[in-house]
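The values are calculated or read from the model by the stated rules, or taken from the named source; none is laboratory data. Bear in mind that the values here come from a model prediction, so they are computed numbers and not experimental data. These area figures cover heavy atoms from the full protein model, side chains too; ligands, DNA and RNA do not enter into them. Shrake-Rupley method; radii C 1.70, N 1.55, O 1.52, S 1.80 Å.
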Amino acid sequence: INAIYSLHYSCNTFEELVKAQNGYCEQVMKNNRFNKLLVSDNAVIRGFLYTRFVEIDRMGIDVSYQIILDEFYARVPIYKIVEVLGNLINNAVEAMETNKKGNKLHVEIIETEGFFIEVRNESPYIKYDVLGKFFNKGYSKKGENRGLGLYNVKKICDEYGLEIAPKWIEINGQGWLVFKIWNKN
């Protein structure tokens, strides 16, 4: 606030002052857009996501998110949730880098009465039968000796009674690959 206030000492006109204040505020907002993650009560998830989002943002990928959790009560160990999130986010980023289509990533984690995770990235159209292969061990569109990430995510979901479903959707004319995870009950 002092920096913004002090700009009136160095600017010669009102227009110059407004422009300088706007520029400064835009930089502060850009650099702090992931800070609301830091108010979540779950230090492990917030730290993991904050670090990944900052890295991804530096790659030129536009990250949006909605995180609603105070404590983490899902019956899945937190390190398994981090593994799941890591695999889904890494796959989304790699897919955008590989196919050069899209630069937007959206992550949601909501825990109210149930538990819900969604990771989606901009994507060209993917046929339903291809989506079904994503969880097969060894299946990868990125080359050989790969295809374990989503296979492991599916194993974790099965082990802890979670549902997982991939789908391709269109939002405002843009295609998205979406992975949703939720409690079966």
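In square angstrom, what is the accessible area per residue of segment 68-141 with a 1.4 angstrom probe?
Spelled out: the 1.4 Å probe surface of segment 68-141, per residue, equals 53 Å².
Using modelled backbone amide H atoms (1.01 Å from N, in-plane), which distant-in-sequence or interchain residues come within less than 5 Å of PHE115's amide H?
Those lying under 5 Å, H to H, from PHE115 are ASN183.
Rg/Rh for segment 88-185 to two decimals, with Rh computed the Kirkwood way over all alpha-carbon pairs.
Details: Rg = 13.5 Å, Rh = 14.0 Å.
Using only Cα positions, Rg/Rh for segment 88-185 is 0.96.
Check LEU148: other-chain or 5+ apart residues with amide H under 5 Å from its amide H, H built from backbone geometry?
GLY138
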